[in-house]
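The values are calculated or read from the model by the stated rules, or taken from the named source; none is laboratory data. Here the structure is a predicted model, which is why all the values come from computation and not from measurement. Counting neighbours? That spans all protein chains shown, and the Cβs are built from the backbone with ideal geometry, glycine included.
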């Protein structure tokens, strides 16, 4: 079992009082399994993803990644988890603006201490980024930027890849191309994959699909 | 619509109170330092004007002895009886306990109408002034220093500080005199009087001096202060410019909305302008208040400096004067408009839907860096050219200005080059990122770093100058004050007794004879010295002919001080017109620090031959050092000489060094304040950039770095930038010191000083710079370390 | 400084300034002598200064004409004021001196003043031979041996825009006012020693911006000294001296008071020099219409009545603007009399606010 969530709850304090975003989520994901997480805006799907990625902690419940409970990890442990086991792809601002595309692609893997130049070269080619290795992120199109983000994550070969609306800022054609490429590469590294999207069409491309409504899974 | 628009624009500050505070504090600090300096200048100038106007010296002619002798009392009466409207004045300095005062004796009965009003406060004591009670009028500050003296003091704000004004008879009692220094001549005289050339051929009429020697002499000092004030202002302006620019960019969304809703661009700009004016007004007022306190804090030291350097009296307390208050507010306006101008200009040309891009704003200055570097090079070349051509004090300050500005503009380019070099040497991904990230931080921080660089360079430059000066000065004092005792008599009879008394007790009694002559239209003091080893072995000569002392001893040559040498453009061997019908070859030049006027030294007998009337009162006395105080005591106890008439070498040296140290306290204080402002500039920049920083840092955090290590790196980066800036400031500061020593000092004071370097001071400054930068970075870093993950996450989720 | 400072410094007895400035100087008045009844004046000694009295003056006024019959008034006054009741000692200034000089025509009035401390020779008075001086101004006796020192005088003064040089010869004796020279100034007994030489004929030269004129006429010299000439409540005085065409002369004054009736006093001098003193109330002085002078209202026309001498005259100023623009300002100028007696004289008015 790659990922196991048990009765995960999370609420945020807003000006109108506490809002329960996640009201007891339980979920399992096997290694290499691809899961689509859909839901309306504000349904809590991004929050759930952040909890799984160790970017934030739950109020209660249990989140186990590869058997380790991340709900009780401290900052350095979480950072190590993000560095070595989990890859993240966001809707935007994935990339480090001060580094070139090449540096961005290698950054995460070097940080995790497992840079494989051959694998990186392979990724670069698969992602069609060879032309723009020495450019800076702001000089790339949205689709290119997202491909760099995907490349950077895959370079680490993480156990679990989490993507939060990775094509949200892209037009449909580009988005579909990016998702296709992503699914192929994720399959190549045999990583578990959770895609948060509001698009049922995209969700349909994945093995499993869960729908989140008002903080509960259906 | 306009009101609502204004409210919308202003609401920006409600969400960014820190930015607002930065803006106002920055502008207030800039205005404050400038105003403080101006307030000091204004106070000093008004006191010079008062001194110049004292007794109508600025408007009234004087009658005085052609050879500098006093005027006998009955000469005054004789001139009055001849119908001339003249009024006597006796002047002298007196040491009263801790302070030296200038005593002015006047005759209220004949004082011309234009002589400055001096009135005792209250009427009760008026008869006391002339009727034997020896009433003395003093500035309240002087009165405070004289409370323990047995004087019948009455305070008056119209008396210059450090001066005592009394009736002739009271002044005579204090000064132990019975004669006058000069007679004031009423501007209008009756017709038909016998000409003065007939009835007083030994007296000369001296034209009034509307400006006063003091104001002229101190011009350079005040130019100095003004230059530093301006530097501080410029540093402060960097802050304001950075903050306002950022505030503009951050409000693009609001402005875009306002314009989309149909508000004309013109109105938007006018509203922003109104906002600027409003903020400038608040900051200006704050700045003026701040300036007042800065000036009040520094004024006592400035007063001491001026007293030490020029013998002027400036009160240690500050009056509120409209001139500097108004210029303070005006410069706040000017500064704010200057800072906002660029933003408004861009705003006026901004397309309606230009996206809000805080980062683009930061990066835009990077694109400008090539132009900046070019401008910097041009400025530095101009500076070099001016140093080559040289010329005047103004050139000196222009050299300083172009050097500092050029170096400041070059700073970002130099930093980026250095960081690129660093990045190339990085081995780990993290190090690579840190270098790259620093590089991209440079444009946003460049203004603050420039401010820091300027402050550091000014510190190094001025510090080097002061320390070099002090080193030279200390050595020079040892040479110049070679005699153990300096003794003066009150009368020629007493002087005779003195010489007889000392002939058995001292190794040598060297006469000091002096008179004032005019060379090149300026007053110069002419000294006559006897040939003695004291001079031959010690006198600090900068240039000399081979047998210089023999020449002087033979009455065949003159020594002149460096000031006269430089001012007159003389060369060794030139003939100097000493007095009408008397020229003397320049056989040597000596250093004469701290003296604003020219000096000439000739053979004693030759001087007395030309000016037989010079009073023979002053003497330098050589005794074995261990006996000096015993001889001084004997002079007082056995000969009855007043202790005020004896100056002991050790005391003179101590006094001179004290004056010297106080002299540069002010520049030191201004430097520290400037450094403080630079620190604040960095804080301001870091704070305004910190929101932008999130998007830089969040991706790094997301891929597995802790907030704590990110915060550490953030601090390290700021410190590294401070160190790099210090490295650039070092050569700039040394160049600055060179310009100060070799150009500005020569033009301002007439002496050139050798340069010494003090590496320990540089390290101290490095520590200071790091502390300033560290403190400035502390708040943003602390905030970063405690940033909630949710804030990072927002970066990835929300459209910005 | 000089103006305000000296205004308080110099005790201006002859003018209203006295009434304002007097009290403040009282602190140092201990030790001054006071005029006493029964005292006999001795000449020439009493022509000289009396340093133990606080105030004293040598006060000359002249009514002159040039060859064309144009009227001129002329004034020369030396005031002495003591800060301490002792003779001068070098520059310590226990005695102070102030002098006024003026020339009046029908439409111009020239005036100037000088100051000096005593004891240094810049100003002073010597009784025998008589000489009074300050700077280059002087009033010097040119009397023949055996004559009174004031019987003939040479007087000069010089201002920025005028000067004069006159010679005076007395045709009558000195005249003592009041009781043998003790002139009482108030009901409460303030008094001064007061005598005059009213019988001068004058010749001399006056230099004005318009040129030099030869003048001749009559002059009157007052000598007065005291230590407490006015009651503190008295606010000013109106004094006059008249030369009537029949050779008789009149001195009269009126002291105005805040708290009491005005106090008058007069001396009638017949052509031979015989003086008759008249006490309070005998002389009536009634101010007529006022003129605007130096921003204040001053009566420049007066009606004078002295019933016992059948005198009922109106006097009128030659120049209503005879204002002394001096440190202590006052009105002083020539007047012309008409009515029961015709003549001319000098009027002095002080203390008008």
Revision key, fill the gap. Within the range B:548-574, the count of residues that are free of Cβ contacts under 8 Å to residues at least 12 places away in the same chain and closer than 13 Å to residue B:589 by Cα comes to 1
Study note, to complete from the structure: How many residues of the range B:43-89 are at pLDDT 75 or above, within 14 Å of chain C (Cβ to nearest Cβ) and closer than 30 Å to residue B:319 by Cα? The answer is 2
Point to revise | Selection within the range C:125-154 - crowded, with 17+ Cβ neighbours inside 10 Å and on the phi > 0 side of the Ramachandran plot | key: C:135
Exercise for review: Return the total of residues in the range C:77-117 being at pLDDT 90 or above, under 12 Å from residue C:51 (Cα atoms) and either within 12 Å of another protein chain (Cβ to nearest Cβ) or in a loop (DSSP other than H, G, I, E, B) (or both).
Suggested key: 1
Practice item. Examine the range A:118-128 for a residue that is within 14 Å of chain B (Cβ to nearest Cβ) and either in a helix (DSSP H, G or I) or within 20 Å of the chain's Cα centre (by Cα) (or both), and state whether such a residue exists. Key: yes
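Where in the range B:661-755 are the helices (runs of 4 or more DSSP H), entirely inside, with at least 3 residues that are within 14 Å of chain A (Cβ to nearest Cβ) and at pLDDT 75 or above? Write out each step before concluding.
On the way: elements: B:665-702, B:707-739, B:745-749.
The qualifying helices (runs of 4 or more DSSP H) are B:665-702, B:707-739.
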Practice item. Return the only residue of C:292, C:342, C:254 being modelled with pLDDT under 95 and either crowded, with 20+ Cβ neighbours inside 10 Å or under 24 Å from residue C:219 (Cα atoms) (or both). Key: C:254
Check your understanding: Just for strands (runs of 3 or more DSSP E) wholly inside the range A:1-113: which have at least 3 residues that are within 11 Å of another protein chain (Cβ to nearest Cβ) and within 16 Å of the chain's Cα centre (by Cα)?
Key -> A:86-89
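Does residue B:447 count as at negative phi and surrounded by fewer than 23 Cβ atoms within 10 Å (Cβ to Cβ)?
On the way: at negative phi: yes; surrounded by fewer than 23 Cβ atoms within 10 Å (Cβ to Cβ): no.
It is false that residue B:447 is at negative phi and surrounded by fewer than 23 Cβ atoms within 10 Å (Cβ to Cβ).
Give, as residue ranges, the strands (runs of 3 or more DSSP E) completely inside the range C:156-226 that count at least 1 residues that are under 22 Å from residue C:245 (Cα atoms) and in contact with a strand residue (DSSP E or B) (Cβ under 6 Å, 6 or more places away or on another chain).
Values: elements: C:163-170, C:182-184, C:191-208, C:211-226.
Where strands (runs of 3 or more DSSP E) fall fully within the range C:156-226 and carry at least 1 residues being under 22 Å from residue C:245 (Cα atoms) and in contact with a strand residue (DSSP E or B) (Cβ under 6 Å, 6 or more places away or on another chain), they are C:163-170, C:191-208, C:211-226.
Looking at this structure, is residue C:148 within 14 Å of another protein chain (Cβ to nearest Cβ) and either modelled with pLDDT under 95 or not in a strand (DSSP E or B) (or both)? If you could, list the steps in order and put the result at the bottom.
Values: within 14 Å of another protein chain (Cβ to nearest Cβ): no; either modelled with pLDDT under 95 or not in a strand (DSSP E or B) (or both): yes.
Judged against the criteria, residue C:148 is not a match.
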Study note, to complete from the structure: Note on the range B:586-622: residues within 27 Å of residue B:542 (Cα to Cα) and outside any strand (DSSP E or B) are B:591, B:592, B:593, B:594, B:595, B:596, B:597, B:604, B:605, B:606, B:607, B:608
Study note, to complete from the structure: From the option list B:149, B:114, single residue qualifying as at pLDDT below 70 and in the same structural domain as residue B:187 (by TED's automatic domain parsing) is B:114
Review point. Taking the condition in contact with a strand residue (DSSP E or B) (Cβ under 9 Å, 6 or more places away or on another chain) and either under 30 Å from residue C:318 (Cα atoms) or away from chain B (no Cβ under 14 Å) (or both), does residue C:71 pass?
Key: yes
